[in-house]
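Some notes on the structure that comes next.
Values quoted throughout were computed directly from the atomic coordinates according to the rules given, and no laboratory measurement underlies them. Quantities reported herein were computed from a predicted structural model and do not represent experimental measurements. Virtual Cβ from ideal backbone geometry, glycine too; neighbours counted across all protein chains shown.
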């Protein structure tokens, strides 16, 4: 039984090491994986990116509160509550942002994650009027010395939200 458990643990660790992409150090800058979304469309938008065998889904989704009376006409800007997310199957994270009528971020909240083969030692969510940044410090299960920071960034420019991970 102990031998089977050790073999299973080794298989999970090998899967995580071989199938999970390397993380970029924050000092290295922005990773090439990213997507831009026009929030004035007020619809769910996703971009699927494939790089080095990794399939990633970047997305934004407007949050519609059924208890709030909606205006008769649509705003032509990005006003509202939005879910910002990045899913790859192994590493998945999301958070919400509120955007005012001037296309400025006024709040970032409700950070969520699921990371297969990793534990989270710390996490945080920061924002300014034009950027939001959710981060997670990850440790490979069984390898306390092997850690990295996973970051999901979002930046507003007009009514366009650009998201990327690094």
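Which residues, counting only those in segment 100-121, are under 21 Å from residue 162 (Cβ atoms) and not in a strand (DSSP E or B)?
Across segment 100-121, the qualifying residues are 100, 101, 102, 103, 104.
I'd like the full set of residues that are under 15 Å from residue 38 (Cα atoms) and not in a strand (DSSP E or B), limited to segment 74-99.
Across segment 74-99, the qualifying residues are 74, 75, 76, 77, 78, 79.
Answer yes or no as to whether residue 153 is surrounded by 19 or more Cβ atoms within 10 Å (Cβ to Cβ) and part of a strand (DSSP E or B). Break it down stepwise before answering.
Details: surrounded by 19 or more Cβ atoms within 10 Å (Cβ to Cβ): yes; part of a strand (DSSP E or B): yes.
So residue 153 passes the test.
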